[in-house]
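Each remark here refers to the structure printed beneath this line.
The values are calculated or read from the model by the stated rules, or taken from the named source; none is laboratory data. Model, not experiment: these values are computed from the prediction. Backbone-built Cβ (ideal geometry, glycine too); neighbour counts: all protein chains shown.
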Amino acid sequence: MKILQLDSSVTGANSVSRPLTKAVAEKLLAKHPGAELAYRDLVDEPLSHYTAVLRVHGADLETKTPAQLQELKLGEEILAEFLATDIIVIGAPLYNFSIPSQLKAWIDLICVAGKTFSYSPAGAKGLCGGKQVVIVSTRGAMYGPGSPYEAFDFQEKYLKTVLGFLGITDIQVVRAEGIAYGPEAKEKALASAAAEIAAL
């Protein structure tokens, strides 16, 4: 059993999502004795954003510079790590109605035709079924069903869509929202998230 923990919050010690992803990982390790935990901080060790170099996935290596070859090597490492992982814990704070660009860079490296999904005359097919994902979603406002900002949620909806495209259907969300509405609202949101973690 391999677990991968990802953090993408840029707020460091003030992050709400980072303590929650840590708590989720600890819960999963307790639930699965002997599991291996890998950790990536996508802010402290940022990945390159999607480029033409990354898009070719190793073609024409003889024409690449040393820096480009290193970029390709890291992309292959990210993909291999994802493919070998059973459970992924994704720390995903909502920034400007979507996910951090650092997390999007990771997603672009794991969405690879022929590796994590395939095309056919019948359409696209995800190749990553069997994996489990826990999304740690933190949001300053309220974006849930019936809220005024429901239509502005391009964070959880996007993540569920792209993971579903890869064939991943076992997706759970640990959510702390409304954290910008004051200390009492933040405390309530964190208590709700803690209860969701306990239930994993």
Task: Close pairs (6 angstrom Cβ cut-off, 6 or more residues apart or separate chains): at pLDDT 95 or above in region 134-145, of a type in the set (G, A, S) anywhere - done: I135/A92; V136/S17; V136/G91; S137/A92; T138/S17; T138/A176; G140/A180; M142/G178
Open item on the list: Could you check region 118-164 and list, in sequence order, the residues that are of a type outside the set (V, I, T), within 14 Å of the chain's Cα centre (by Cα) and over 28 Å from N14 (Cβ atoms)?
Closed with: K131, Q132, G164
TODO: Tell me, yes or no, whether region 105-115 has at least one residue that is touching a residue at least 40 places away in the same chain (Cβ under 8 Å), part of a helix (DSSP H, G or I) and either of a type in the set (D, E) or touching a strand residue (DSSP E or B) at 6+ places or on another chain (Cβ under 9 Å) (or both).
DONE: yes
Open item on the list: Looking only at region 133-171, count every residue that is surrounded by 16 or more Cβ atoms within 10 Å (Cβ to Cβ) and assigned to a strand (DSSP E or B) and tell me the total.
Closed with: 8
Task: Residues being in contact (Cβ under 8 Å) with a residue 24 or more places away in the chain and out of contact with any Ser or Thr (no Cβ under 6 Å at 6 or more places or on another chain) - total across region 61-91 - done: 13
Task: Per-region count, region 74-120, residues among the polar types (S, T, N, Q), more than 25 Å from I179 (Cβ to Cβ) and loosely packed, with under 15 Cβ neighbours inside 10 Å - done: 2
TODO: State whether the residues of region 64-77 include one that is at pLDDT 95 or above and not small (G, A, S).
DONE: yes
Task: Search result, residues across region 16-34 that are in contact (Cβ under 8 Å) with a residue 24 or more places away in the chain, not aliphatic (A, V, I, L, M) and not in a helix (DSSP H, G or I) - done: H32, G34
Open item on the list: Condition (residue is part of a loop (DSSP other than H, G, I, E, B) and closer than 23 Å to K188 by Cα) applied to region 72-94: is it met by at least one residue?
Closed with: yes
Task: Residues of region 11-53 satisfying the condition of being surrounded by 13 or more Cβ atoms within 10 Å (Cβ to Cβ), of a type in the set (D, E, K, R) and over 19 Å from Q172 (Cα atoms) - done: E36, R40, D41
Open item on the list: What's the total number of residues in region 172-200 that are surrounded by 18 or more Cβ atoms within 10 Å (Cβ to Cβ), touching a Gly at 6+ places or on another chain (Cβ under 8 Å) and either of a type in the set (A, V, I, L, M) or at pLDDT below 95 (or both)?
Closed with: 2
Task: Residues (among the hydrophobic types (A, V, I, L, M, F, W, C) and without any contact (Cβ under 8 Å) to a residue 60 or more places away in the chain) located in region 92-104 - done: F97
